[in-house]
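Trainee: Below you'll find the structure I mean.
The values are calculated or read from the model by the stated rules, or taken from the named source; none is laboratory data. Worth saying up front: this structure is predicted, and the values here are computed from it rather than measured. Every residue, glycine among them, receives a Cβ derived from its backbone with ideal geometry; neighbour counts consider all protein chains shown.
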Amino acid sequence: MIKDTLLEEINLLWEALRQYLVKQIEELYGRYDGHILEIGPFSGLIFALAQKNVGQSFLIAAFPQGSVCLCRQEAQKFGLEDRVRIIESDSSLTGVPDESVDLAMERLRMFEQIKPGMRVFP
């Protein structure tokens, strides 16, 4: 229960930053047809990107264990249960097929073209 509460509190802290980060991602990424992945303890940026149609498909590889529930609650809150796929994963991205995404985000880091020739945006 404490773990769930902590994840929820961290999620609330990100809410104030999302609009600014989404604008930066949209400008740097510059695509509306890509496949976007949000990795790990999530920040929720993927929901804002889906709402703005920055990307064609959206996947959250959620971990640590138990964070899937919070991700699903957030997807429901934004009415995006059908657009954002959520899987339970780990730091090895178990369940995410190789070369299946164009943009991956992990908190404040973005990676374009996960394997091969991955580009990193600072």
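Trainee: Would you mind finding the one in A61, A75, A104, A50 that is touching a Ser or Thr at 6+ places or on another chain (Cβ under 6 Å), buried (at least 17 other Cβ atoms within 10 Å of the Cβ) and either at pLDDT 80 or above or among the polar types (S, T, N, Q) (or both)?
Mentor: The unique qualifying residue is A61.
Trainee: Among the numbered conditions (1) closer than 17 Å to E15 by Cα; (2) without any contact (Cβ under 8 Å) to a residue 24 or more places away in the chain; (3) of a type in the set (D, E, K, R), tell me where E81 comes up short.
Mentor: Going through (1) closer than 17 Å to E15 by Cα; (2) without any contact (Cβ under 8 Å) to a residue 24 or more places away in the chain; (3) of a type in the set (D, E, K, R) one by one, E81 breaks only (1).
Trainee: Is it the case, given these coordinates, that G79 is over 14 Å from the mean Cα position of the chain (by Cα) and among the small types (G, A, S)?
Mentor: yes
Trainee: A follow-up question, please. Among the residues of segment 45-67, what is the count of those that are without any contact (Cβ under 8 Å) to a residue 60 or more places away in the chain and part of a helix (DSSP H, G or I)?
Mentor: 6
Trainee: Of D102, D98, which residue is in contact with a His (Cβ under 8 Å, 6 or more places away or on another chain) and not aliphatic (A, V, I, L, M)?
Mentor: Just one listed residue meets the conditions, D102.
Trainee: When you scan segment 26-44, how many residues do you find that are in contact (Cβ under 8 Å) with a residue 60 or more places away in the chain and either part of a loop (DSSP other than H, G, I, E, B) or surrounded by fewer than 23 Cβ atoms within 10 Å (Cβ to Cβ) (or both)?
Mentor: 8
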